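Coordinate-derived values only; no laboratory data. For clarity, every value in this text was computed on a predicted model and none was experimentally measured. Cβ placement follows ideal geometry from the backbone for every residue including glycine, while neighbour counts extend to all protein chains displayed.
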Amino acid sequence: MTHDHTHEHPHEHDHADDHAHDHAHPHDHAHEHAGQTPEAAELNAAALDASVPDHRLTPTELSRRSLLRAAGLTGAAGAGAAAMVGVTPAMAAEGKRPGKGPGPGPGPRPGGPGGPGAVRTWLAGDHHIHTQYSSDAQYRVIDQAQHAAAYGLDWLVITDHGGATHARIGVDKVNPDIVAARATLPDTLIFQGLEWNIPAAEHGTVFVAPGRNEVAVLKQFENDYDGSVKGASSSSPANEALAVAGIQWLGGQVRSRAVTDALFLANHPARNGIDSPHEIRAWRDADPTVAIGFEGAPGHQAAGLPAGYGPGSARGYYGNAAGANSFAAYPPESYRTWGGFDWMTSTVGGLWDSLLAEGKPWSITANSDSHTIWADTSRRPDGSSSAQFAADGRYGDPVYAGAINLGAGDFWPGYYSRTHVGASDRSYTAVMRGMRDGRLWVDHGALVKAVDVRVRTTGRGRTDTETLGGTIVTRKGSRAQLTVRVDVQDRPNWSQFVPQLARVDLIRGKVDPLSATDRDTFRAPDTKVVEQWDVSGRTGTVEITYDLGVVEQAFYVRLRGTDGKRSQPGYLGAAVDPAGPAIDVVGSADPWEDLWFYTNPIWVVPAA
């Protein structure tokens, strides 16, 4: 019998276009790939073939076999489970084996106290921020970093636009400013990255761990793989392959130890309809240790504020429509945000869920995409023109304007959007590992103070627990239980009111790695909202316990929460999502009147 209950414990815990590509493609060509790419299927088959000794495998095949062994997915688990390799990367790194307790890795599983990769602290951050080294922005690095720190962020990534000027001198020139900001704000982790013009697609964040080669690696990446620099913006097999090669090259830089770590996330994926499903899958499959997710909620959230006190534009600048460059199957509704979130994320059973249902870890984030701040009183100095930018690689330092800019569409980093990363410590590498492992939840407007989600399985005298991003591999017939703890907000946000959480929703989906027959699908037909809890009026900590039943097949669960001010049946209908986020109205979408949080999933996989 399904059981759920809630408890209350009153105690404290403490631009517009962004250089849109001029693609000349409709992305409507057919793809014959089923489930996995042929290359991935062949690699899994080789790794699973016990008749082939290790010394007969290529280095790539041997690496895959080692990953499968560590995850316990060789032998009886079969090729179907093998397709779920990487659910999650922490599984392989810590040597987990289904039904046999921890493998070679020391200590308990992540999510438990003291284990390697365990979440000891949640660090809020923003991976998409622009400075005067972007042709459409204006602030100094220290301006963005100081505001981020003041608004409660622990980490941030400087991501100036890729392009000819940035590739030539900007990537070099911004580094001393970043190094100086690190010294000025030693408690804030400041990464250097860039906003990649993905060949044949949209934009993406690329960043690396600080070190002696951070500039050299980013500079070579931008010069060799940026779609604008290489003239590779239009859709073609060659340009799509260039994007895949860029991701693989970044992974090679980590493996060769040129940099300690590197990550890529796709930015505002549905804004122009040019990130097709097969491209997103190709990025992820190219190297899942580098390509880890996309923006679940874009920046530019102030753009929806009504005219008179705001830009009167579209929230996130998602005000576009299908064109010749768009993936033809995307519907008109996909070009809008829903409750401030990208349609690929906000649609239950949609594109994000289709990846999760294939057993492909793919994380979501939320960030500012900060260029020019709503209600700010600064501007670029006189004489700081596009010609000067092309010559110097930057604009002059901003100056006081004497006027309030109500036409800008951005908030300062941390002011509205936050990505929370579960990290083992407060360090650059721990943040990047937490992101790779999927230990993420996001929120708008400080809707809640904290979220803790765990799944526990019990059976045959064994108990396993996992948190966000994790995978429990358990015996069939074990029983699974979800526990949720949400610290309700009791302090004003930066718009000077205390948000009120009204509802928490549970979303569940079946996982079948071999079910996908179309690389361009954006449907997960077995994923839906299975429970909704009214928590309006609660204070302190809300606790929810929910019986997930007996584990017979692989599944995942994820959560979202809302202030309840705007809802409608989801894009795929009320039977899938009875009260999801509402589609945002262009010209009238006050972001403070429509707040949500979303979590990454937890997977449960039965062993044979």
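Between Gln568 and Gly580, Ala582, the built amide H atoms are under 5 Å apart, and every one of these is 5 or more places off in sequence or on another chain. Scalar couplings 3J(HN,Hα) for segment 415-423, obtained by applying the Karplus form with A = 6.51, B = -1.76, C = 1.60 to θ = phi - 60°, are 5, 10, 9, 9, 10, 9, 10, x, 10 Hz; x denotes Gly and Pro. Among the GluC sites (Glu not before Pro) in segment 517-592, those located in a DSSP loop and surrounded by at most 12 other Cβ atoms within 10 Å of their own Cβ are Glu552.
Cross-linked pairs Lys449/Lys510; Lys510/Lys565; Lys360/Lys476; Lys173/Lys360; Lys173/Lys230: Cα-Cα separations exceed 26 Å for Lys449/Lys510; Lys510/Lys565; Lys173/Lys360.
Round to the nearest 0.05 the FRET efficiency obtained for Arg255 and Asp397 when R0 = 56 Å and r is the Cβ-Cβ distance. The calculated FRET efficiency here is 0.90. Distant-in-sequence amide contacts of Ala291, defined by a placed amide H-H separation under 5 Å and a gap of 5 or more residues or a different chain, comprise Phe264.
Phi angles across segment 449-455 convert, under the Karplus curve 6.51 cos²θ - 1.76 cosθ + 1.60 with θ = phi - 60°, into 3J(HN,Hα) values of 8, 7, 9, 10, 10, 9, 10 Hz, Gly and Pro given as x.
If you place +1 on the Cβ of every Lys and Arg and -1 on the Cβ of every Asp and Glu, how big does the dipole about the Cα centre of segment 121-420 come out, in debye to the nearest 20? Numbers along the way, then the final one.
Details: 19 positive and 31 negative charges, 34 e Å.
Using only the charged Cβ atoms, the result is roughly 160 debye.
Starting from 0.36 nm per residue, how many nanometres of slack lie between Gln248 and Ser495 once their C-alpha separation is accounted for? Before the final figure, lay out the partial values.
On the way: separation 247, 0.36 × 247 = 88.92 nm, distance 4.23 nm.
Between Gln248 and Ser495, full extension yields 84.7 nm more.
Please report the spacing between the Cα centers of segment 245-295 and segment 522-581 in Å, no decimals. Measuring centre to centre over Cα atoms gives 29 Å.
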